[in-house]
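Encoded as structure tokens, the structure appears first; notes follow it.
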Amino acid sequence: MSRRPVIAGNWKMYKTQADTRQFFAAFKPLVAHSRHCDIIIAPPFTALSVAVEAAAGTPIAIAAQNAHWAREGAFTGEISMPMLVEAGCRGVIIGHSERRQYFGETDESVNRKLGAALHAGLTPIICVGELAAERDANLTHAVLKRQFEGGLHALTDADFSRILLAYEPIWAIGTGRTATPEIAAAVHRFLRELAAKQFSPECASALRILYGGSVKPDNIKGLMAQEEIDGALVGGASLDAKSFAAIVNF
Ligand code: PEP
């Protein structure tokens, strides 16, 4: 089955509003004719409005990097999914490994956030991935199965068909150590098998699975040549307009 590619940038805690304006001014002309894939950019919360304004009239979708599951409430420092929608976001990253590692994100909170994102009409980008020690101990499949089943339980086929899944091996994030296209593709195949156990075969085969972990202009082509790799979630290399455009235009 042919699945439309998705290239997503995760800016993490980088870029002010001024940086964001500069980025879009440089980036938009470089992708003005790029119609072969979906383009998503996830800036920090404070730059969302500037990014939404800059991306207006283009196919670039703006996403947030996290949000709370409640619609509103006494949760100091948090942002809700409907607030993101009002701010012009179309998607939200959920369960990024940095949230799991440093901010106590669990499969249970991923599941609650996923439900809230779908309810709000956002496209959730669900991240899963194993630590280096887990890969070395041959636990990659067990970890991914736990994250997939824990994060995605109680979803209908219709809900599942709206999500993007990102496989991000933690040992490859920001380390310069990319999984080879073959390693990534094998894991994507495993994730699709998990999807087929829980959802219909049509949903499983339509699921778009992004690879993330030190994706750069010089390795994107090899990754995208794999039938099982439907796109990329890009951290560091998404901060520079030229390098992110080169990835988009793989
Ligand atoms: C990420 O943060 O999702 C990521 C993949 O980062 P990097 O591309 O910098 O490894």
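Taken together, Arg100, Arg90 contain a single residue that is surrounded by fewer than 24 Cβ atoms within 10 Å (Cβ to Cβ), basic (Lys, Arg) and under 18 Å from Ile41 (Cα atoms), which is Arg90. Across segment 146-158, the number of residues qualifying as touching a residue at least 40 places away in the same chain (Cβ under 8 Å) and either surrounded by fewer than 18 Cβ atoms within 10 Å (Cβ to Cβ) or farther than 14 Å from Leu114 by Cα (or both) comes to 5. Of the numbered criteria (1) surrounded by 15 or more Cβ atoms within 10 Å (Cβ to Cβ); (2) of a type in the set (A, V, I, L, M); (3) more than 15 Å from the ligand (Cβ to nearest atom), the one Leu131 fails is (3). Can you name the residue in segment 103-126 that is open to solvent by 40 Å² or more (accessible area, probe 1.4 Å) and among the β-branched types (Val, Ile, Thr) and is also farthest from the ligand (Cβ to nearest atom) among such residues? Checking each candidate, the answer is Thr106. Within segment 200-219, the presence of at least one residue that is at pLDDT below 95, open to solvent by 10 Å² or more (accessible area, probe 1.4 Å), more than 15 Å from Gly95 (Cα to Cα) and not in a strand (DSSP E or B) is confirmed. Looking only at residues in segment 26-44 that are touching a residue at least 40 places away in the same chain (Cβ under 8 Å) and away from the ligand (no atom under 13 Å from the Cβ), the one that is nearest to Ile60 (Cα to Cα) is Ile39. Evaluate the following for Val52: is it aliphatic (A, V, I, L, M), in contact with a helix residue (DSSP H, G or I) (Cβ under 9 Å, 6 or more places away or on another chain) and part of a helix (DSSP H, G or I)? So Val52 fails the test. Within segment 1-25, the set of residues being free of Cβ contacts under 8 Å to residues at least 40 places away in the same chain and either of a type in the set (Val, Ile, Thr) or in a loop (DSSP other than H, G, I, E, B) (or both) comprises Ser2, Met13, Thr16, Thr20. Filtering segment 151-187 to residues that are of a type in the set (Lys, Arg), within 12 Å of the ligand (Cβ to nearest atom) and at pLDDT 95 or above leaves nothing.
The values are calculated or read from the model by the stated rules, or taken from the named source; none is laboratory data. Quantities reported herein were computed from a predicted structural model and do not represent experimental measurements. Glycine gets a Cβ as well: all are built from the backbone with ideal geometry, and neighbour counts include every protein chain shown. Each accessible area value is taken on the protein alone, full model and side chains, heavy atoms only, with ligands, DNA and RNA left out. Shrake-Rupley method; radii C 1.70, N 1.55, O 1.52, S 1.80 Å.
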